[in-house]
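Please treat every number below as a calculation from the coordinates, not as lab data. Everything numeric in this text was worked out from a predicted model, so none of it was measured. Reconstructed Cβ throughout: ideal geometry from the backbone, glycine too, with neighbour counts over all protein chains shown.
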Amino acid sequence: MTRRKNPVGGSATGDRRTEVGRESGSGASTNEIDLIGEDLLQNILSRLPALTFASAACVSRTWSSLCNRVLYRPKLSSAFSLHPNPEVSVEEVVNKVLSEPLRPDFAIVCISPAFSLQQIHQLIIQKLGSATPIVTYESMGIIGRNAITDELKEIDWDMTMEEDCMGQLEPSSFSGFQGILLVVGFVPGLKVDAIPLSRPIEDPGIVLVDDFVRDIKEYTASVSGCTSPAGMIMFGGPSTNMKPVMDKLDYLMSAGTFIVGDESGRFLHRGSRRRRCNSLGVALVFVRDRNKPHGIGDIDFHVTVSTGLSPIGQTFKAAAVKERRHCEDCTTWLTARRQDLHDILDGETMLADINDEIGDNIEYAGLYIGVTKRRKTSVGLEMVRWVTSLAFHEVTR
């Protein structure tokens, strides 16, 4: 807001402007803008963009209280830009996402492989600040609203992945859009941090899974007093095996902790923890704050499997599972029997039965095998116990 002093003994003429009041130890001065009433002032504050809103909250205790009334519920804001210039693309999405009152508690940035991961990550940090946990990663595509036209759209980057000389998957060819999707979240009553899954630089063959789990538990305990967070959004590279990580988390986390994620692209992250290690993955960890302000409720998370997965065929019990490797090709050979029957079927027979049921060529059906496992697991010296998991494996042939 602008300030203008009135002439001594006179009154303001022309464009009328009022001076923002200041509170002092001797009492607060009366300002013309305060005379409009708290309800109308709160309505005005609710229409400010995020940066101006943050400045308004610093004007006085009264304004800060009104700003807290505006932002008292969880809020997600997102937008994408397809501008080919990375600086312009970042500017468009940030301006759109921060066009309304919002305090960034975390940010997720999805980019096409046509852009530099490092460049986009640094540009977002400059815009949102180094204190905001940020994960920037190469996605297979995006869905959201255009920052300029507000059009809802789904976009596939249409890229081909190949292994490099180190065995890591990298984009080998790309034809399609260039773009960025920015998602910023405000979660009152929760604290968020980006916790890395690392491997030592001096011994890259070791994955520090126990350290990763311990970091999550310690951070959760320091914020909430318990060891199981409200939830996690996990990111892993295309060559990262997240299964042993999930085994540990299944064992340690309560049933109320949601865990979702993606392991298909390269990523960078910014959080409070720094280590001389290579990051194989990262988790955005959401923890309930035991010191949250009075009047802030609890946030509940709900996770569901996409309705794009529909069960077909019968339920089988695995008889034999063999993994075979030939050069760079890895396949799993499976035999199983139908429930309550003794005849053992090979994979070709099972797929033929499914093909008859769906009446289409299974090569183009996006077919997955859902595998339920019950297994023993433990962490460190803790007691061994049984856990059950469900995983989906794509059928390629």
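Some points to look at:
- Contour excess over end-to-end distance, with Cα ends at His302 and Ala320 and 0.36 nm allotted per residue: 2.9 nm
- Near the amide H of Gly141, within less than 5 Å, lie the amide hydrogens of Trp157, all on another chain or at least 5 residues away, with H placed in the peptide plane.
- Net charge contributed by nearby residues that have their C-beta within less than 13 Å of Leu190 (K/R +1, D/E -1): +2
- Part-to-part distance (alpha-carbon centres) for the stretch 136-153 and the stretch 218-238, which is given in Å: 27 Å
- Maximal additional length on extending the Glu154-Met383 stretch stands at 77.8 nm, based on 0.36 nm per residue less the C-alpha distance.
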